[in-house]
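Have a look at the structure below, then the notes.
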Amino acid sequence: MNGQISIVRPGACDDCEIRMIIRLARGKTITALITPENLALALTGKSDLPVELKLRNVEIKVK
């Protein structure tokens with residue numbers, strides 16, 4: 001399966017958040033919301049940081 005990823009920082013957002021958007025197919029996306037501080041920690045090697053997930057036309061099954 002192929003997809004695309006975008007990392008954006010909304011300019012009109014009052015909260016300090018960064019959105020990592022994975023597009024799987026037309027209209028199917030997974031968006032992870034993360035703080036700039038936690039993104040910096042993740043990029044420098046820290047694991048298991050919290051994110052808020054938003055799903056659009058995608059179902060995740062946890063086994």
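Read the figures in this text as sums done on the coordinates, not as results from a lab. Since the structure is predicted, the reported quantities are computational estimates derived from the model, not experimental observations. Backbone-built Cβ (ideal geometry, glycine too); neighbour counts: all protein chains shown.
A compact table of results
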item	result
Net charge dipole size for the chain [Lys, Arg +1 and Asp, Glu -1 on Cβ; Debye, nearest 20]	480 debye
Taking the chain and dividing mean pair separation by its residue count, relative contact order in percent (alpha carbons under 8 Å, at least six apart)	27 percent
R0 of 25 Å, Cβ-Cβ distance residue 4-residue 41: FRET efficiency to nearest 0.05	0.50
Cβ-defined net charge surrounding residue 55, 13 Å radius [Lys, Arg +1; Asp, Glu -1]	+3
Candidate lysines for bridging to residue 28, where Cα separation is under 20 Å - those fewer than 8 sequence places away on the same chain excluded	54, 61
Cα-Cα pairs of the range 4-49 separated by more than 16 Å (percent)	45 percent
